[in-house]
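What follows is a short report on a single structure.
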Amino acid sequence: MSLANTQSVAEIKARNKELIAEVLKVYPEKTAKRRAKHLNVHESGKSDCGVKSNIKSIPGVMTIRGCAYAGSKGVVWGPIKDMIHISHGPVGCGQYSWAARRNYYIGTTGIDTFVTMQFTSDFQEKDIVFGGDKKLAKIMDEIQELFPLNNGITVQSECPIGLIGDDIEAVSKSKSKEYDGKTIVPVRCEGFRGVSQSLGHHIANDAIRDWVFDKMDPNAAPRFEQSPYDVAIIGDYNIGGDAWSSRILLEEMGLRVIAQWSGDGSLAELEATPKAKLNVLHCYRSMNYISRHMEEKFGIPWCEYNFFGPSKIAESLRKIAAYFDDKIKEGAERVIAKYQPLMDAVIAKYRPRLEGKTVMLYVGGLRPRHVIGAYEDLGMEVVGTGYEFAHNDDYQRTAQHYVKDGTIIYDDVTGYEFEKFVEKIQPDLVGSGIKEKYVFQKMGVPFRQMHSWDYSGPYHGYDGFAIFARDMDMAINAPIWKMAKTPWKTDSKPTLLAAE
């Protein structure tokens, strides 16, 4: 049982405020003043979490953020399966992002799908000096020869491209014309742009607007027969099969999913989306820009939904159904009733093992708030949460709908801060990314990698909740933790053994 379970809310608030002050003492005065704006204790009834966000990280202070290239190539564009995404620049960025986030897809790799393949212009010194336009054009020619079934190409710019001024737009226009109008999208997502990967999401959204939507003939006949129940899944990257698990529920309630953005998605699905009757948005941070654009230009409404845990799933299904007629509303209730016995069985099995356990989260996108309901369905409590690259509206949503009074909130938390928070608060589980995983496991703290589900999943939907519950139980109650004591639970000091 963690300390949080035995303290009152007032005691927890006081402890967390003292903890923040203690953490800030290690910094120089100016740095401490800046970091203090990003750390807070949530006060019930307030409309936001009281932290600053979307501000540049402090040089020299370890951050866990990614870059604009990561936001575009790794999140928005990379999972589009039938397009080839060129990492334009030195090989490192492409190599690091290769096969990245377990974005599952259906297709034959290297024939009509290319998600787990890596294409790079492999910049050398001479390319930096003389430019890479000709090299980029040559690569596109090779792609057309080697992979003729690709349906489009994107150019994902790395840092040097913005510095040396390669005209990727001119190359893309020229080659598109040469290839009979093939969609070729230049994306100015150089890593140095903005403060985190968040700007990369925005840039990628704008590229879809400018190079896909704006190139479409508005008077062209639809490529498919439309129905009054057409919806598009926006901001689900099909990590471990998440989008498939979500799609099952939407289709069972009577809707027709005409596009997935962008896990297991295709260029044709992007082009079909302006014909949808509703866009359902899962990852607000990465795809709200294009959702707003489609609402303004095409008149398509959009709504957020949360498919983590049965409580939020039921709430979201009813929210989505409210946009349609009684047939869909009845379908939503039918789906909820169908899966409730399964959820009751899952909760009956795992809640007794997880009741009262505490969790600290630090992830990107929507997870620092969306997964809270799933933990609560299992009787667990989230005692700390924060985002890598959130904006103010993310924290407003977190404060208004998810976190409890006294929860410690941290934005762009540093490695030192996060370790100190975990040491003092002593949660039963930490959910964060791969960079943090082994640090906390070596500290003897159970951990789940909540960016890509620790090679498990899906976690979305009713099917996903059963897997989520199993994985959390497996992490917390694994016998190994009886042998790997946390540093604060042992009085023995390590001793050095003399070499024999």
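The values are calculated or read from the model by the stated rules, or taken from the named source; none is laboratory data. Source: prediction; values computed, not measured. Neighbour counts are summed over all protein chains in view; Cβ atoms, including those assigned to glycine, are modelled from backbone coordinates with ideal geometry. All accessible areas refer to the heavy atoms of the entire protein, side chains included, with ligands and DNA or RNA removed. Shrake-Rupley method; radii C 1.70, N 1.55, O 1.52, S 1.80 Å.
Evaluated at q = 0.14 Å⁻¹, a Debye calculation over the C-alpha positions of segment 55-152 (equal weights, vacuum) places log10 I(q)/I(0) at -0.61.
Pairs of Cα atoms nearer than 8 Å and 6+ residues apart set the relative contact order; for the chain it is 19 percent. An ellipsoid equivalent to segment 17-93, defined through the eigenvalues of its Cα gyration tensor, has semi-axes of 36, 18, 8 Å when rounded to whole angstrom and sorted largest first. Could you compute how fast segment 201-304 diffuses translationally, taking Rh as the Kirkwood radius over C-alpha pairs and applying Stokes-Einstein at 37 °C with viscosity 0.692 mPa s? Give it in µm² per second. It comes out at roughly 239 µm²/s. At a probe radius of 1.4 angstrom, the accessible area of segment 406-464 per residue rounds to 27 square angstrom. Mind checking which lysines have their Cα closer than 18 Å to the Cα of Lys37? Skip sequence neighbours fewer than 8 apart in that chain. The qualifying lysines are Lys13, Lys17, Lys25, Lys46, Lys52, Lys56, Lys420. Under the combined filter of DSSP loop state and at most 14 neighbouring Cβ atoms within 10 Å, segment 184-272 retains these GluC sites (Glu not before Pro): Glu225. Taking each DSSP H run with n ≥ 4 as -39500 (n - 2.57) and averaging over every residue of the chain yields -12500 deg cm²/dmol at 222 nm. Which trypsin sites (Lys or Arg not before Pro) does segment 25-84 hold that lie in a coil by DSSP with at most 11 other beta carbons within 10 Å? Passing sites in segment 25-84 are Lys25.
The three principal axes of the Cα atoms in segment 289-395 give end-to-end lengths of 49, 38, 12 Å, sorted in falling order.
DSSP beta bridges fully contained in the chain are about 10 percent antiparallel. Segment 10-79 and segment 223-258 have their alpha-carbon centroids 35 Å apart.
Of the solvent-accessible surface of segment 348-418, computed with a 1.4 Å probe and all protein chains present, 44% belongs to carbon and sulfur. Shown for segment 2-86: the carbon plus sulfur share of the solvent-accessible area, taken with all protein chains present and a 1.4 angstrom probe, equals 55%. For segment 225-327, trypsin sites (Lys or Arg not before Pro) are listed when DSSP marks them as loop and at most 15 other Cβ atoms sit within 10 Å of their Cβ; the list is empty. Taking every Cα-Cα distance in segment 405-471 and sorting them into 10 Å bins from zero, the calculated P(r) comes out as 18, 47, 30, 5 percent. In plain terms, the bigger the Kirkwood radius, the slower the diffusion; for segment 150-196, with that radius from Cα pairs, at 4 °C and 1.567 mPa s, Stokes-Einstein puts D at 114 µm²/s. Across segment 333-468 the C-alpha pair distances fall into 5 Å bins from zero in the proportions 2, 10, 19, 22, 21, 15, 7, 3, 1, 0 percent. The 1.4 Å probe gives accessible areas that order Met343, Met483, largest first, as Met483, Met343. Over all pairs of different C-alpha atoms, the chain has a mean inverse distance whose reciprocal, the Kirkwood radius, equals 24.1 Å.
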